[in-house]
Amino acid sequence: VAVVLLGGLTLCALTSTEAWPLSGWKLFSQVRRADQGGWAATAVVDGAEQPLPFARLPRAYHGAEHLLAEFPRMSPGRRAEVCGAWADAVDTLGPRPTEIRVYRTVTHTTLDGTPPTVTRNLFTSCPS
Amino acid sequence: MPVLTRIRTAFAVLIGLRIALGPYPRLAGQPDALFRPLGVFKLLPGMPPLAVIVAVQVVGVVAAVVAVRNRRRAPFVAAWLCLLFLAGLRTSLGKVLHNDTLMLIGTFPMLFDDEDGWSLDVGLAAVCLVYFFAGVAKLRHSGLTWVTGDNMRYVMLSASRSGKPAFPAVARAIGRSAGLSHLTAAFILGLELTFPLAYVVRKLRPWFAAAAVALHVGTWFTLGLDYWLWAATAALLLLAHPIARASARPPAAAAPVARSSPR
């Protein structure tokens with residue numbers, strides 16, 4: 001038991017493998033800088049674009065930022081499935097969106113206390 | 001009563017509370033397209049329905065209660081497996097969640113130990129390794145810049161605006177001070193990298209337990225992240241023997257002192 005547990009822990013840590021509950025333990029290990037890359041998704045409803053309201057959706061829809069980060073590696077079919085699931089969820093809150101847009105973002109934070117600024121570039125969009 | 005039985009009972013209480021109070025029923029209804037399992041959970045086709053999740057919760061809580069009452073290993077194993085399943089579902093939303101992992105790992109050896117107590121040593125070794133590897137990962141991915149750069153200032157300032165911490169002023173105060181930020185980062189990295197000393201030098205264990213609790217309480221204050229199971233697991237395994245001695249002290253020993261005290 002000891003060899004399996006401690007060996008598995010060491011192996012996953014050294015190879016940065018996520019074999020949950022074993023892990024690479026990369027807890028906050030990347031340095032945060034003034035410019036932090038990220039992702040955002042919006043829904044186009046009645047011609048108006050608005051952020052996807054993940055906070056208002058059930059917990060089963062949380063964690064979207066990690067799914068968004070996988071978009072570059074997803075097939076078009078898989079992207080459409082994910083966008084469709086989000087559009088269905090937004091549909092339960094109000095009018096159905098006609099399009100889901102996915103953006104790459106860069107959040108610029110200053111140390112002087114001024115509010116951060118976010119710039120974004122459209123990565124892809126999927127009709128729903 | 002053996003030290004192992006007392007500590008295993010304490011963990012059964014924690015596991016029961018986690019299973020009962022966790023947000024697991026709210027995971028149900030997740031569309032299959034959003035299911036992002038890790039490890040063996042990839043065998044599941046999607047998020048299980050609500051009835052299955054609640055059934056596992058009920059079985060887990062009952063098993064934890066039985067483990068506390070009869071102090072046997074079998075119900076503890078059942079409760080542990082239920083938490084593993086539920087926490088695994090929770091980490092299938094996309095983000096790798098570590099909230100439950102330290103307790104699952106630290107108590108894993110107890111699933112195989114009846115009374116000998118070897119599992120406490122192995123569990124503590126595993127916990128020390130987890131902290132150590134978390135420190136190594138910081139050095140590997142960022143180097144000493146993690147401490148000497150503005151990293152912690154940006155972490156704290158972002159957290160203060162995230163809406164997660166109950167007291168964002170604490171994160172803001174640390175983020176605005178270069179000195180406090182460097183000290184905070186140095187404390188975290190120093191604690192993680194030196195944690196194996198707690199396994200080797202028994203006298204240091206209460207200090208490491210206090211530091212681990214401080215780290216996780218601080219994480220909750222500044223980042224709003226719930227790591228109370230890490231604090232409890234580290235403290236219970238580091239202080240297993242003193243805790244067992246204290247809980248074994250017969251209440252009658254204190255009674256004469258109380259009776260003889262002057263009015």
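Quick notes on this one:
- In the structure shown, the pairs A:Lys26/B:Lys95; A:Lys26/B:Lys203; B:Lys95/B:Lys138 are assessed against 22 Å; a Cα-Cα span above that value is assigned to A:Lys26/B:Lys203.
- Ordering of B:229-236, A:34-41, A:17-24 by packing [mean C-beta count within 10 Å, highest first]: B:229-236, A:17-24, A:34-41
- Value of [θ]222 nm, deg cm²/dmol, for chain B, DSSP H segments ≥ 4, -39500 (n - 2.57) each, nearest 500: -22000 deg cm²/dmol
- Considering only alpha-carbon pairs that sit under 8 angstrom and 6 or more positions apart, the relative contact order computed for chain A is 25 percent.
- Farthest toward the positive end of the dipole of chain A, out of A:Thr107, A:Leu27, A:His62, is the Cα of A:Leu27, where the dipole comes from beta carbon charges about the Cα centre.
- The angle separating the long axis of helix A:76-91 from the principal Cα axis of greatest extent in chain A is about 60 degrees.
- Neighbour counting of Cβ atoms within 10 Å sorts the residues B:Ile243, B:Ile19, fewest neighbours leading, into B:Ile243, B:Ile19.
- Label point at A:Leu14 placed 7 Å out along Cα→Cβ; residues across region B:126-158 whose backbone nitrogen lies under 14 Å: B:133
- Relative contact order of chain B, pairs being alpha-carbon contacts under 8 Å that are 6 or more residues apart, as %: 19
- Helix-only CD estimate at 222 nm, as mean residue ellipticity for chain A, using -39500 (n - 2.57) per DSSP H run (n ≥ 4): -8500 deg cm²/dmol
- In sequence order, region B:104-111 has phi-based couplings of 4, 6, x, 9, 3, x, 5, 5 Hz under the Karplus curve 6.51 cos²θ - 1.76 cosθ + 1.60, θ = phi - 60°, and Gly or Pro positions carry x.
Quick note: the coordinates plus some simple rules give every number you see, no bench work behind them. Please read these numbers as outputs of a predicted model, since none were measured by experiment. All Cβ positions, glycine included, derive from the backbone under ideal geometry; neighbour counts span all protein chains shown.
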